[in-house]
1. What is the distance, in nm, between label points placed 7 Å from the Cα along the Cα-to-Cβ direction at Val127 and at Leu452?
2. Determine the per residue accessible area of the chain with all protein chains present and a 1.4 angstrom probe, expressed in square angstrom.
3. Restricting attention to segment 395-458, which chymotrypsin sites (Phe, Trp or Tyr not before Pro) occupy a DSSP loop and are surrounded by at most 12 other Cβ atoms within 10 Å?
4. Could you derive backbone 3J(HN,Hα) for segment 65-78 from the dihedral phi with the Karplus parameters 6.51, -1.76 and 1.60 (θ = phi - 60°), listing whole Hz in sequence and x where the residue is Gly or Pro?
5. In terms of the Cα gyration tensor, with a ≥ b ≥ c the square roots of its eigenvalues, is segment 1-63 rounded because a/c is under 1.5, prolate because a/b exceeds b/c, or oblate?
6. Using the Kirkwood formula on the Cα atoms of segment 165-317, what hydrodynamic radius do you get, in angstrom to one decimal?
7. Once you place label points 7 Å from the Cα toward the Cβ at Asn556 and Leu106, how far apart are they in nm?
8. Over segment 429-497, what is the relative contact order in whole percent, taking alpha-carbon pairs under 8 Å and six or more residues apart?
Amino acid sequence: MKEVTASSRHYVDRLFDPDPQKVLQGVIDMKNAVIGNNKQKANLIVLGAVPRLLYLLQQETSTVELKTECAVVLGSLAMGTENNVKSLLDCHIIPALLQGLLLPDLKFIEACLRCLRTILTSPVTPVEVLYTDVTVVPHLMSLLSRSRYTQEYICQIFSHCCKTPEHQAVLFTHGAVQNIAHLLTSPSYKVQMQALKCFSVLAYENPQVSLTLVNVLVDGELLPQVFVKMMQRDKPIEMQLTSAKCLTYMCRAGAIRTDDNSIVLKTLPCLVRMCSKERLLEERVEGAETLAYLIEPDVELQRIASITDHLIAMLADYFKYPSSVSAITDIKRLDHDLKHAHELRQAAFKLYASLGANDEDIRKKIIETENMMDRIVTGLAESSIKVRLAAVRCLHSLSRSVQQLRTSFQDHTVWKPLMKLLQNAPDEVLVVASSTLCNLLLEFSPSKEPILESGAVELLCNLTQSENPALRVNGIWALMNMAFQADQKIKTDILRGLSTEQLFRLLSDSDVNVLMKTLGLLRNLLSTRPHIDQIMSTHGKQIMQAVTLILEGEHNIEVKEQVCFIFLGHIYATRWEHFHLNICYVYCQCKQPAIYP
């Protein structure tokens, strides 16, 4: 290492030569030395080349040619390892490059933008640096018209650094739609693609941008039709896929109807094509995930997708990577397959979840797919958290089927890995897993009894104490299902595990969904006269106080109806009649329209 570093020192020493021409030649020689040589890049960074290059780049006495060559070398250093980028960031390279964009010379601007693009698209660079100075985005917009290279680099910067609704708002406010739309007809394919990617990130979950895009004209043609043309089979796959993403995001944002021809006849078939064996693994992943997002809320799109090109069977192939080692002679292919195997399984689970979200026949086809339940069970225990989340989402979707709960779910004892997953998982996984558990605890589910025996009461009671409202809802919802037509022992275990104090905290929860499910739990707990007598004899006073407060409080009519259902349906004609009369009186005072159970 010392020898290599010493051999690199003369490149750095020449940067300090008093002769400007020798300095320029030294920078040019350095540029040639670092191309494709990560070791040389690392050596030069260690020897302090970066601060000197930045100094020369910012010096007023430096010629434009020298500044441009410095920017080119810095860009080459940035294309090395992530550690190289960190070193450049530590030397405050971004402010220096942004300052360079203020100069008039186009070649220098392009060199600064190229370097800036490389740094900003690195995973170690926080994207917020683009938005810290409010003058940066509008200045970049003004540079879009300078050349095809400024268009390519700036669009790439925008598409990578647009991560949040706030970022979308900044770009939209400064005219991103108007400034980028005409670039879709650029003679440069790279410019077209970067413009497309910009529109995809701008439209994602953004109704304002999406509704604007629908009415934008590009050479006299509406933008959605431009996207449709870019999805034609003779276009590059990358262009087809990105155009499909743009239309998908506009549809999900409400700007295009789900029954529009551009969605049903163009976007959906295009995305299904991307799932085929002929496509690259990366394309199959992106195609499946985008299609899953497109059809997720729409039953008709789910039905159309399920019968297009044998999609359900096609997705089974996603689980066959990596291929068996004996069948692979190319080590690079094996490495490639291994890298994408998790992503493929994740994408397949996501798409199966969307396909089976509503239709019973589709769920049946999915479950009958080769080894499907075994794959889900395996997915729930995978090392990748993303695969586990996608697998449990798929399981949740399929668990909406009464028939499958009674058959396939019991045959494969899916409740076991699900319970294990609930023991220690991040909230994102817990929310979906606990939602699935709610379905497995329905009265007709064969899984209900073994789940109860595995300690589910304690687990669910703990969920009701979560700071996450979705977990509180699911915890109390599962307990509500558990208590339905249950014997006295289960109800007693629930009350003991939940505690009176926690039950009343839930009855005063600020989240109306938590409150409704808690009232539903009470309704199921008070389902027979012996149960009512036992529970009310120990908790009657507190229960009556809590529900009276609900009726007297500022709650919507659905909440107050639930309270009346509890008492009109369960407590009437028991020794708690006087409470029933009080409740009816209070409810009448609310002056709400009468609704009969």
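1. 4.9
2. 46
3. Taking segment 395-458 and a limit of 12 other Cβ atoms within 10 Å, the loop chymotrypsin sites (Phe, Trp or Tyr not before Pro) found are Phe444.
4. Couplings: 4, 5, 4, 5, 5, 4, 5, 5, 5, 4, x, 5, 4, 5 Hz.
5. prolate
6. The answer is 15.6 Å.
7. 5.9
8. After rounding, I find 37 percent.
The values are calculated or read from the model by the stated rules, or taken from the named source; none is laboratory data. Bear in mind the structure is a predicted one, so any value in this text is a computation, not a measurement. Note that each Cβ is placed from the backbone with ideal geometry, even for glycine, and that neighbours are counted across all protein chains shown. Ligands, DNA and RNA are stripped out before the accessible areas are found, and what is left, the full protein with its side chains, is counted by its heavy atoms. Shrake-Rupley method; radii C 1.70, N 1.55, O 1.52, S 1.80 Å.
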